[in-house]
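*Asks:* Dumping the structure here so I can ask a few things about it.
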Amino acid sequence: MTTTSAESVLTPARARTAAAGATVRRKQGFQHGGWFVAPFLALFALFVIWPLLRGLYLSFTDANISGDGARFIGLDNYREALGDPLMWDSLGHSAYFTLLVVPCITVLAFLLAMLAHHIEHGKWLWRLCFFAPFLLPSTVTGNLWQWLFNPGTGMVNHVFGIETPWLTDKSYAMLAVVITTLWWTVGFSFLLYLAALQGIPAHLYEAAKLDGANAWHRMVHITLPMLRNITGLVIALQVLASLQVFDQAVVMMDFGPGPEDSTRTFVQYTLEQGFTSYRVGYASAISIIFFVIIAAVALARMWLLRNREEGGR
């Protein structure tokens, strides 16, 4: 009885000591870890947080490119932006590009990954060929496909025996940018799908074969469900990247908005207002609007993913 009583008295003291020791270790770990993350936090604040706050401030002024004589004008820039038809047209072009690219690149990346995963000979060569274009700079890609789409000297019209004015007709200009983007960026999504395919346990397919499932049934009931999360990731990344399309469209159209402004994207219009019209305040306002749109898309994706995970439990 005495031993039990003593242990009952000492146990809370030992618990307090252990808790205090754990607190000290957490503080020490935070202090040591803080030095490792400090450079990243400093760069993040310098190149992300500060420009964002500075842009937010400029959006409420009539600042020009010289930075002198900026006056506070409140919400005037935002009112003008919401009534600006050119801004809405450029946003529509970015949205149209996104609607074309995202489904195509998701399906194409999946098919290429399936091919590279199941092919028996020369796997490394196929993987290199599918991924290599993604390593090219945007200017190289744009100039290359500008030449390929050239009606007189390009290979596209000659190979397919057509006479399509890809870069000079508003009906085809954005389609040319989409084709270029698919060729250029599909390698990234292909790599994500390929890694996910290699992570699917082989015994699932073996069990399905024993049950008499053919290749189509195995893909529908095993492969696609196992790739659901990576598909959601690919779609989310491609939506965010496609909405911000700029480089290839500008290079292919010789740094212009394309025929009848058909390829002017939202990012390009923002830069035109800031560096061509010298309206930095107005450009900051429409960039903040675009930031809100991108953030809303990202939050919507997170909300849908969370609801789907909760619904699957």
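*Asks:* Take the alpha carbon gyration tensor of the chain, find the square roots of its eigenvalues, order them as a ≥ b ≥ c, and report rounded if a/c is under 1.5; if not, report prolate when a/b exceeds b/c, else oblate. Don't jump to the answer; show the numbers that get you there.
*Replies:* Values: a/c = 2.60, a/b = 1.24, b/c = 2.10.
Since a/c reaches 1.5 but b/c is at least a/b, the shape of the chain is classed as oblate.
*Asks:* Rounded, prolate or oblate: which fits region 27-129, taking a ≥ b ≥ c as square roots of the Cα gyration tensor eigenvalues, rounded meaning a/c under 1.5, else prolate when a/b beats b/c? Walk me through the intermediate numbers first.
*Replies:* Details: a/c = 3.77, a/b = 1.37, b/c = 2.75.
The shape class here is oblate.
*Asks:* Amide H to amide H under 5 Å from T61: which residues, 5+ apart in sequence or cross-chain, H placed 1.01 Å off N in plane?
*Replies:* I73
*Asks:* Continuing with the same structure: Distance between Cα centroids, region 99-133 to region 212-267: provide it in whole Å.
*Replies:* What the calculation gives is 13 Å, centre to centre.
*Asks:* Could you tell me the calculated FRET efficiency between L111 and E272, based on Cβ-Cβ distance and R0 = 51 angstrom, to the nearest 0.05?
*Replies:* On the way: r = 38 Å, r/R0 = 0.74.
It comes out at approximately 0.85.
*Asks:* Read phi for every residue in region 151-164 and hand back ³J(HN,Hα) as whole Hz from Karplus 6.51 cos²θ - 1.76 cosθ + 1.60, θ = phi - 60°, with x for Gly and Pro.
*Replies:* 3J(HN,Hα) across region 151-164, in whole Hz: x, x, 10, x, 8, 4, 5, 5, 5, 8, x, 10, 10, 8.
*Asks:* Quick check: residue separation of T164 and N214 times 0.36 nm, minus the Cα distance between them. What number comes out in nm? Please list the in-between numbers first.
*Replies:* Working: separation 50, 0.36 × 50 = 18.00 nm, distance 4.26 nm.
Here the answer is 13.7 nm.
*Asks:* Taking the solvent-accessible surface of protein heavy atoms with a 1.4 Å probe, what is the per residue accessible area of region 27-111 in Å²?
*Replies:* Values: 5730 Å² over 85 residues.
Ligands and nucleic acids excluded, the figure is 67 Å² per residue.
*Asks:* Still on this structure, I have one more. If you place +1 on the Cβ of every Lys and Arg and -1 on the Cβ of every Asp and Glu, how big does the dipole about the Cα centre of region 262-313 come out, in debye to the nearest 20? Walk me through the intermediate numbers first.
*Replies:* Details: 6 positive and 3 negative charges, 24 e Å.
Once rounded to the nearest 20, the dipole reads 120 debye.
*Asks:* List the DSSP H helices in the chain whose Cα atoms stretch 20 Å or more along the helix axis and whose mean Kyte-Doolittle hydropathy is at least -0.5.
*Replies:* Numbers: long enough: 2-44 (61 Å, 0.10); 85-118 (50 Å, 1.31); 170-198 (42 Å, 1.33); 228-243 (23 Å, 1.43); 280-312 (48 Å, 1.08).
Qualifying helices: 2-44, 85-118, 170-198, 228-243, 280-312.
*Asks:* I would also like to ask the following. Could you let me know the centre-to-centre spacing of region 163-202 and region 29-85, using Cα atoms, in angstrom?
*Replies:* So the separation of the two Cα centres works out to 33 Å.
*Asks:* Turning to a different aspect of this structure: By how many nm would the segment from M226 to T153 grow when fully extended, if each residue of separation counts as 0.36 nm and the alpha-carbon distance is taken off?
*Replies:* Gain on extension, M226 to T153, equals 21.7 nm.
*Asks:* Roughly how large, in nm² to one decimal, is the mean projection of the convex hull of the alpha-carbon atoms in region 163-226? The partial results should precede the final answer.
*Replies:* Numbers: hull surface 26.5 nm².
About 6.6 nm², averaged over all directions.
The values are calculated or read from the model by the stated rules, or taken from the named source; none is laboratory data. Bear in mind the structure is a predicted one, so any value in this text is a computation, not a measurement. Quick reminder, even Gly has a Cβ in these numbers, built from the backbone with ideal geometry, and neighbours come from all protein chains shown. For accessibility, only protein heavy atoms count, side chains too; no ligands or nucleic acids. Shrake-Rupley method; radii C 1.70, N 1.55, O 1.52, S 1.80 Å.
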